[in-house]
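Asker: Here's a structure for you.
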Amino acid sequence: MKLKSIVRLAVLALPLVLVSCKSHKKAAETIPMYGQQKTADFVTQVRENQQTTKFITSKVKFSVEVGPQKLTLTGNLKMRRNDVIRLQLMAFGFVEAGRLEFTKDYVLIMDRINKQYLKAPYRQIDFLRNSGLNFEALQALFWNELFRPNQGSETVVLDKSKSGGDGNFTTIENGDDMIISLESGKMDYSWLASKNTALIRMANILYKDRFNGNTQLNWDYSDYEVFGRKMFPKKHGITLTTPTKEVKLAVTLNYLGTDTEWEPRTEVSNKYREVTVDEILRRFMAL
């Protein structure tokens, strides 16, 4: 694989992971009535670990691995709560190869090398619309928080009148951890959180398709440090597994900060050619 193709792969890999993941349908566990308060209490503990700062910025070491091919890049992560998530990917340490920008209204993917970009509202991207991975859900994944599909982390609550059922959290003990599960229609989400610290160590989204095969997104969190009087993970391991391909992404945050001196929106030069979602996906699959 040529270097240019590998760099292009890195630019396209993260949005592919985020937009091509549906969720799974697995056997739902239920909790008895006496366990509902325990679930509610633990979910509350997990929510209390959420960051209160409005900005998170960091230098980033980013690697993408597809089969035997692996590439490591550096970059910058800039997030403003309830507004924008931006990831800049640098090639050779100083050339911006790509930029991914998620706002409440649209997704922007910029291929700096080939002067191409995609800018579209969430409703025009089938994968995001159908899976419930809107801006609020993506924000929760990046910020290490629970979320509800099509709602996000700000409205995560437990319906104490039901146990298990559609759209309700359940908890199951698993050694030193608790598994928090949420079923919503055809989708099923799971989080693994420490019983002692109530910190989320893993988020999982799995879609079971008996005709086309399963698709799974796994997001691991590790290397926590104190940030804004809360704990925040510096290492994010993201794995997308499809019937035909596995994409692994590793994101390491360095020099966490709360920098506010940056423009929250990217202006696209008229030198760039706009492409469609299908073109982005075809380009990736051809690599």
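The values are calculated or read from the model by the stated rules, or taken from the named source; none is laboratory data. What you see is a predicted model; the values in this text were computed from it and never measured. Reconstructed Cβ throughout: ideal geometry from the backbone, glycine too, with neighbour counts over all protein chains shown. For accessibility, only protein heavy atoms count, side chains too; no ligands or nucleic acids. Shrake-Rupley method; radii C 1.70, N 1.55, O 1.52, S 1.80 Å.
Asker: Which one of these is assigned to a helix (DSSP H, G or I) and touching a strand residue (DSSP E or B) at 6+ places or on another chain (Cβ under 6 Å): V46, V64? So that I can check it myself, show each step before the final result.
Answerer: Values: V64 fails: assigned to a helix (DSSP H, G or I).
When all the criteria are applied, what remains is V46.
Asker: Of I205, I238, I180, which residue is of a type in the set (A, V, I, L, M, F, W, C), closer than 20 Å to Q139 by Cβ and modelled with pLDDT of 95 or more? If you could, list the steps in order and put the result at the bottom.
Answerer: Values: I205 fails: modelled with pLDDT of 95 or more; I238 fails: modelled with pLDDT of 95 or more.
When all the criteria are applied, what remains is I180.
Asker: Would you call E29 at pLDDT below 80, acidic (D, E) and either open to solvent by 10 Å² or more (accessible area, probe 1.4 Å) or touching a Pro at 6+ places or on another chain (Cβ under 9 Å) (or both)? First the steps, then the outcome.
Answerer: On the way: at pLDDT below 80: yes; acidic (D, E): yes; either open to solvent by 10 Å² or more (accessible area, probe 1.4 Å) or touching a Pro at 6+ places or on another chain (Cβ under 9 Å) (or both): yes.
In short, yes.
Asker: Moving to a separate point now. Kindly evaluate R112 against the criterion of being of a type in the set (D, E, K, R), more than 19 Å from L217 (Cβ to Cβ), open to solvent by 30 Å² or more (accessible area, probe 1.4 Å) and modelled with pLDDT of 95 or more.
Answerer: No: the conditions fail for R112.
Asker: Within the stretch 183-199, how many residues are of a type in the set (K, R) and at pLDDT 90 or above? First the steps, then the outcome.
Answerer: In the first step, residues of the stretch 183-199 are kept if they are of a type in the set (K, R); the result is 186, 195.
After this cut, where a residue has to be at pLDDT 90 or above as well, the list is 195.
Selection size over the stretch 183-199: 1.
Asker: I'd like to check something: does the stretch 237-254 contain any residue that is of a type in the set (D, E, K, R) and surrounded by 17 or more Cβ atoms within 10 Å (Cβ to Cβ)? Talk me through it step by step, then tell me what you get.
Answerer: From the stretch 237-254, those of a type in the set (D, E, K, R) are 245-246, 248; that's our starting set.
Still in the list and also surrounded by 17 or more Cβ atoms within 10 Å (Cβ to Cβ): 248.
Among the residues of the stretch 237-254, at least one is of a type in the set (D, E, K, R) and surrounded by 17 or more Cβ atoms within 10 Å (Cβ to Cβ), which makes the answer yes.
Asker: Note down all Cβ pairs under 8 Å where the first residue falls in the stretch 265-287 and is open to solvent by less than 70 Å² (accessible area, probe 1.4 Å), the second is among the aromatic types (F, W, Y) and modelled with pLDDT of 85 or more, and they're at least six residues apart or on different chains.
Answerer: That search, which allows pairs on different chains as well, returns V268/Y117; Y272/Y117; V275/Y117.
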